[in-house]
Amino acid sequence: MALKEIIEIVYSCLLDFPVTAATSLSAAFSSSTEGGGDGSGKDRISALPDDLLRKIISRLPVKDAARTAALSPRWRGLWRLTPLVLDDEHLLPYLPDSSDEDDDLLADCTSLLISAISRVLASHPGPFRRVHLAMNPLCRELYAAEEWLRLLAAKGVENLAFVSRPWPLEVPLPVSIFVCSSLCSLYLGAWKFPSTAGLPRGPGVFPHLQELRPYHTVMEEHDLQHVLACSPDLQILALIASSGFLSGPSRVRISSDNIHYMLLWSSMADELALVDTPCLQRLILHAAGSPRTMKVQISYAPDLTVLGYLATHVLVIGNTIITAGVTNVSPNATVPSVKLLALKVNFRVPKEVKTLLSFLRCFPQVETLHVMVMSFDPVLLLFFSFLNSIGGESGGEDSPLNSTFWREVATIECVESCLKKLVLDEFSGGANELGFLELVFGRAHVLQKAVVVLPDAGNSAMMAKAMGKLALLGSAEWATKEDCPLVVLAHSEPGDHVWSYNRASDLSLSDSFLGNAM
């Protein structure tokens, strides 16, 4: 990924800050005559109880929050009694752009920002409820990063986002991060994670940490294992913009008694293994179109209910590798807990079609199925077919399936007994896409809703072609059942699936895979 793209991903994935720079107290202290009141000019806000005043202060940018001490004797000292909420963007003398070429201007901005942050962290006694330090190129200011982490640890920081504006990516994260034992959530961006050899290990290091999200951070597998061993209450683990070779571990093997949610966003690894995850409920995978193949192994995840997107992954359940064309799946190679499954398939590639059917047999209790139709440039398709042939796999991957293929598909338990909702996204009207729809409509006895999403509402020719093919399906008896309506939608423009990081990471949503059109 290019630098600009990495920066966009890192900053877009930071959670919204609870304070806005647009907040203002100016209206609160205008005279009541000007405001249309009784003309007394009394400061009624200062008469509020301390706890309400502290809530007001906590919603102000840090500069304005500190200045409230000058409003009146009533406000003096309240800022120091309010848990600190700090976003370093609110301290910027100006907002730098990644395209800025004036090194002196950037250096001056960085120096002023570092000084301002240091003053705030030193002057406030804590605790620090939420701190975002995400606007600094810290490669030449590591002394400041060390000092900030020392202050944050001493004053009980609870939620920390700590980003070193790239580049370079080799900027070492200070080991003092390991003394921030009060942390509940930790977001790390564009750092080189320190070697954990010889560092403290065990549940006392991060006893309260519930959420860990490394963003494009260089990290070895054993270092991730070390952090997991130090975080007994960890519930959310997200790896963002992690390539597995430039950043992030190449192998991600998870053993954790408490992780409920795991996300790989714009990320890949050579291997992802759920070794021992008794509480894991959701595994969300988004590789952002990477042609690489990742091995996904599910050894023990008895509560896993949401899984996807699986694409051209090597799927291993227990000790069984799930291969294309498998029709008889051992019970030991199934995950019956999964109720919502999302898959990506290039229907032009017969091997992927057969893999789709094999994957479905491994999840016999799926009730909601999302299938994203993928397509590749023909030159790339030929190239990857060539690579497959070198690796000993059969060629001719883009040759059509025979005319009886879909009628001869063996039993798929989840389709016939459990499937209630199907979403087929980016439908282009290909023969195998239609064959798959016919298969589902013909066999899904409890199907309640089917949604077909077209790729581009503005392409009238494509819309007409796809609708014509769907009309043929609509004339069939099994597609006109009143208890199973076929809903046809369309994206407003190409690529507008808009399956965002915020939606994928929103645990309040029962279905994280729905895009804008749905």
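The values are calculated or read from the model by the stated rules, or taken from the named source; none is laboratory data. On a predicted model such as this, the values are computed, not experimentally measured, just so you know. Cβ placement follows ideal geometry from the backbone for every residue including glycine, while neighbour counts extend to all protein chains displayed. Note: areas computed on protein heavy atoms with side chains; ligands, DNA, RNA excluded. Shrake-Rupley method; radii C 1.70, N 1.55, O 1.52, S 1.80 Å.
Quick check on LYS344: is it charged (D, E, K, R) and within 25 Å of LEU514 (Cα to Cα)?
Against the criterion (charged (D, E, K, R) and within 25 Å of LEU514 (Cα to Cα)), LYS344 qualifies.
Among the residues that make up the range 371-388, is at least one of them modelled with pLDDT of 95 or more and closer than 25 Å to LEU307 by Cβ?
Going residue by residue through the range 371-388, those that are modelled with pLDDT of 95 or more are 371.
Next cut, closer than 25 Å to LEU307 by Cβ only: 371.
Yes, some residue in the range 371-388 is modelled with pLDDT of 95 or more and closer than 25 Å to LEU307 by Cβ.
In the range 73-89, which residue that is touching a residue at least 24 places away in the same chain (Cβ under 8 Å) and touching a helix residue (DSSP H, G or I) at 6+ places or on another chain (Cβ under 6 Å) is surrounded by the most Cβ atoms within 10 Å (Cβ to Cβ)?
Here is the first cut: in the range 73-89, the residues touching a residue at least 24 places away in the same chain (Cβ under 8 Å) are 74-75, 78-89.
If we keep only those that are touching a helix residue (DSSP H, G or I) at 6+ places or on another chain (Cβ under 6 Å) as well, we get 74-75, 78-79, 82, 85-86, 88.
Values: ARG74: 15, TRP75: 19, LEU78: 17, TRP79: 22, THR82: 22, VAL85: 22, LEU86: 24, ASP88: 21.
Going through the qualifying residues, I end up with LEU86.
For every residue, the table says whether it meets (1) closer than 26 Å to LEU401 by Cβ; (2) assigned to a loop (DSSP other than H, G, I, E, B).
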site	(1), (2)
PRO278	no, yes
ILE284	no, no
ASP303	no, yes
VAL338	no, yes
ALA342	yes, no
LEU356	yes, no
PRO364	yes, yes
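How many residues, within the range 188-225, are of a type in the set (Lys, Arg) and either crowded, with 22+ Cβ neighbours inside 10 Å or over 21 Å from the mean Cα position of the chain (by Cα) (or both)?
2
Yes/no matrix, rows are residues, columns are (1) at pLDDT 90 or above; (2) of a type in the set (Lys, Arg); (3) in a helix (DSSP H, G or I):
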{"residue": "PRO96", "(1), (2), (3)": "no, no, no"}
{"residue": "GLU101", "(1), (2), (3)": "no, no, no"}
{"residue": "ASP108", "(1), (2), (3)": "no, no, yes"}
{"residue": "ARG119", "(1), (2), (3)": "yes, yes, yes"}
{"residue": "VAL131", "(1), (2), (3)": "yes, no, no"}
{"residue": "TYR143", "(1), (2), (3)": "no, no, yes"}
{"residue": "GLU147", "(1), (2), (3)": "yes, no, yes"}
{"residue": "LEU152", "(1), (2), (3)": "yes, no, yes"}
{"residue": "LEU160", "(1), (2), (3)": "yes, no, no"}
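Just the residues that are in contact (Cβ under 8 Å) with a residue 40 or more places away in the chain and open to solvent by less than 20 Å² (accessible area, probe 1.4 Å), please, taken from the range 245-264.
SER247, TYR261, LEU263
Is at least one residue of the range 301-312 out of contact with any His (no Cβ under 9 Å at 6 or more places or on another chain), modelled with pLDDT of 95 or more and surrounded by fewer than 20 Cβ atoms within 10 Å (Cβ to Cβ)? Show your work before the answer.
Pass one, the range 301-312, residues out of contact with any His (no Cβ under 9 Å at 6 or more places or on another chain): 301-302, 304-307, 310-312.
With modelled with pLDDT of 95 or more added as a condition, the list becomes 301-302, 304-307.
Still in the list and also surrounded by fewer than 20 Cβ atoms within 10 Å (Cβ to Cβ): 302, 305.
Yes, some residue in the range 301-312 is out of contact with any His (no Cβ under 9 Å at 6 or more places or on another chain), modelled with pLDDT of 95 or more and surrounded by fewer than 20 Cβ atoms within 10 Å (Cβ to Cβ).
Could you tell me whether any residue of the range 326-342 is modelled with pLDDT of 95 or more and among the basic types (Lys, Arg)?
Within the range 326-342 (the criterion being modelled with pLDDT of 95 or more and among the basic types (Lys, Arg)), the answer is yes, since at least one residue qualifies.
Of everything in the range 428-445 that's of a type outside the set (D, E, K, R) and more than 32 Å from the chain's Cα centre (by Cα), which residue is nearest to GLU416 (Cα to Cα)?
Among those that are of a type outside the set (D, E, K, R) and more than 32 Å from the chain's Cα centre (by Cα), it is HIS445.
With (1) open to solvent by 50 Å² or more (accessible area, probe 1.4 Å); (2) small (Gly, Ala, Ser); (3) in contact (Cβ under 8 Å) with a residue 60 or more places away in the chain as the list, and ALA154 as the residue in question, which single condition is left unmet?
Going through the list (1) open to solvent by 50 Å² or more (accessible area, probe 1.4 Å); (2) small (Gly, Ala, Ser); (3) in contact (Cβ under 8 Å) with a residue 60 or more places away in the chain, ALA154 breaks only (3).
Given the residues GLY468, GLY515, which is the only one that is within 23 Å of LEU310 (Cβ to Cβ) and either at pLDDT 90 or above or of a type in the set (Gly, Ala, Ser) (or both)?
Matching residue, one of GLY468, GLY515: GLY515.
Select from the range 471-493 the residues that are within 12 Å of PHE427 (Cα to Cα) and either at pLDDT 80 or above or exposed (fewer than 14 other Cβ atoms within 10 Å of the Cβ) (or both) and list them in ascending order.
Correct list: VAL488, LEU489, ALA490.
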